[in-house]
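Beneath this line is the structure, given in structure tokens, with notes to follow.
The values are calculated or read from the model by the stated rules, or taken from the named source; none is laboratory data. Given the structure is predicted, the values throughout are model-derived calculations rather than measurements. Glycine also receives a Cβ, built like all others from the backbone with ideal geometry; neighbour counts cover every protein chain displayed.
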Amino acid sequence: MADGKKRLMQIGLAAVAVLATFGIGLIVGREITRPAATAEAPAPDSLSAFSKVPAELLLYRLRLKVPVPLDQPRGFAVRQDGTLVACGDKAVVVLGRTGALKARFDLEEEPVCVALGGEKMIYLGLRDHVAALDAATGAATAWPDLGSQAIVTSIAVSGSSVFVTDAGNHMLLRFDTHGKLSGIVDSSFRVPSPFFDASSSADGSLWVANPGAQRVQHYGADGRLIGSWGRASADVDGFLGCCNPAHIAVLPCGSVVTSEKGVPRVKVYEPDGRLSAVVALPADFPAGTVSLPVATRKANGGEVLILVPGERAVRVYCHKEMAGDD
């Protein structure tokens, strides 16, 4: 890991040249606060109304909680074999299905998000850049610095492309798996706060939250915008507040999972934007819960996994019709 840490502190001239070509980090007038470990949430009594939804939408049940051995977990990702990878506390931990610690990698910076590639590759968002960590060797390699205003908040891997959301510059970027910047996919997002998420789909397409517009946008593998849906509303099928959804994930069937900050709830939408289920409501979470990173996996017909930082745990939900066998 020593060599990896050293590489994390060094950015090559070639990387700088690439950034100069695309003008990353030169955009001005887009100041934004970096993610904090905690933020003020609405008072519990103000959330009670949002925990009342039609019973026919409550289609998921909690199967288990997987403990995460980090003081302040920030993000997580999951492999289809059940392995969980969580980040926070200047570290990355690899966990079995029920929380058994398989590996831990210590870092010099605090990672804020994580995504998984092939052959045990782990991609980490480290404020203003991405680092690629080889879990087999412990070697880490820094990717180009995106500039002083950059705030990396999400990473999504799709085939040979690694998509990165930069909340500071309001951009969706595409890299190859070696860290070469291919270009800017879109720079028209509205990102009032440092919550800006993306998730890849099994068909190679990409779903991206446009939080300031209370919408979810769908992009093809070529980066072309296919469509979008969502609306600002206090209704259960809408997104409340200045900037939601905060986190998204895609189920194996193609449905989109969203979670909201401020009013912590997790929902499932059909690809056309129709609300099909509610996974969890504000009353299900500890008081003061702000945001809830989400992921999915194929087990039990499509599980929804929710990182609850205050519990230092990942909750695993499955459809009520599934037996929930491992």
*Hey, can you tell me all the residues within segment 241-275 that are without any contact (Cβ under 8 Å) to a residue 40 or more places away in the chain, more than 14 Å from Ala295 (Cα to Cα) and touching a Ser or Thr at 6+ places or on another chain (Cβ under 7 Å)?*
Glu270
*Does any residue in segment 211-227 that is touching a residue at least 60 places away in the same chain (Cβ under 8 Å) come within less than 8 Å, Cβ to Cβ, of a residue that is surrounded by 13 or more Cβ atoms within 10 Å (Cβ to Cβ) and polar (S, T, N, Q) six or more places away or on a different chain, and which pairs are these?*
Ala221/Ser158; Ala221/Ser161; Ala221/Ser205
*Please go through segment 81-95 and pick out each residue that is in contact with a Gly (Cβ under 8 Å, 6 or more places away or on another chain) and either over 11 Å from Val68 (Cβ atoms) or surrounded by fewer than 17 Cβ atoms within 10 Å (Cβ to Cβ) (or both).*
Gly82, Thr83
*Could you check segment 120-159 for strands (runs of 3 or more DSSP E) lying wholly inside it with 3 or more residues that are under 23 Å from Leu292 (Cβ atoms)?*
121-126, 152-158
_When residues of segment 282-295 are limited to those that are closer than 20 Å to Gly75 by Cα and hydrophobic (A, V, I, L, M, F, W, C), the one surrounded by the fewest Cβ atoms within 10 Å (Cβ to Cβ)_ = Ala287
*Specify the residue that is farthest from Gly118 (Cα to Cα); the eligible residues are those in segment 47-82 that are at pLDDT below 95 and within 20 Å of the chain's Cα centre (by Cα).*
Gly82
*Provide a single number: the residues in segment 115-129 that are more than 12 Å from Phe105 (Cβ to Cβ) and buried (at least 24 other Cβ atoms within 10 Å of the Cβ).*
3
*Does at least one position in segment 162-169 carry a residue that is farther than 20 Å from Ser199 by Cβ and of a type in the set (Phe, Trp, Tyr)?*
no
*Could you say which residue among Phe105, Phe175, Phe163 is buried (at least 20 other Cβ atoms within 10 Å of the Cβ), out of contact with any Ser or Thr (no Cβ under 9 Å at 6 or more places or on another chain) and in a strand (DSSP E or B)?*
Phe105
*Tally of residues being crowded, with 21+ Cβ neighbours inside 10 Å, farther than 21 Å from Gly238 by Cβ and either without any contact (Cβ under 8 Å) to a residue 40 or more places away in the chain or of a type in the set (Val, Ile, Thr) (or both) across segment 178-210*: 1
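Table: residues versus (1) part of a loop (DSSP other than H, G, I, E, B); (2) without any contact (Cβ under 8 Å) to a residue 40 or more places away in the chain; (3) touching a strand residue (DSSP E or B) at 6+ places or on another chain (Cβ under 7 Å); (4) not aromatic (Phe, Trp, Tyr).
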position	(1), (2), (3), (4)
Leu47	no, no, no, yes
Arg61	no, no, yes, yes
Lys65	no, no, yes, yes
Ala77	no, no, yes, yes
Asp81	yes, yes, no, yes
Cys87	no, yes, yes, yes
Val92	no, no, yes, yes
*asked:* Name the residue that is surrounded by the most Cβ atoms within 10 Å (Cβ to Cβ), counting only residues in segment 251-274 that are within 15 Å of Leu57 (Cα to Cα) and hydroxyl-bearing (Ser, Thr, Tyr).
replied: Thr258
*asked:* Just the residues that are within 26 Å of Ser201 (Cβ to Cβ) and free of Cβ contacts under 8 Å to residues at least 60 places away in the same chain, please, taken from segment 135-153.
replied: Ala135, Val152
*asked:* For segment 108-117, which positions are touching a strand residue (DSSP E or B) at 6+ places or on another chain (Cβ under 8 Å) and part of a loop (DSSP other than H, G, I, E, B)?
replied: Glu109, Glu110, Pro111, Val112, Gly117
*Consider Ala213 against the criteria (1) surrounded by 21 or more Cβ atoms within 10 Å (Cβ to Cβ); (2) closer than 18 Å to Ser193 by Cα: it satisfies all of them except one. Which criterion is unmet?*
(1)
*Of these, Gly223, Gly241, Gly212, Gly227, which one is of a type in the set (Gly, Ala, Ser) and under 19 Å from Gly183 (Cβ atoms)?*
Gly223
_I need the full set of residues from segment 293-313 which are under 20 Å from Thr153 (Cβ atoms) and in a strand (DSSP E or B), in order please._
Val294, Ala295, Thr296, Leu305, Ile306, Leu307, Val308
_Looking only at segment 226-237, and only at residues there that are surrounded by 14 or more Cβ atoms within 10 Å (Cβ to Cβ) and not acidic (Asp, Glu), the one that is farthest from Lys261 (Cα to Cα)_ = Ser228
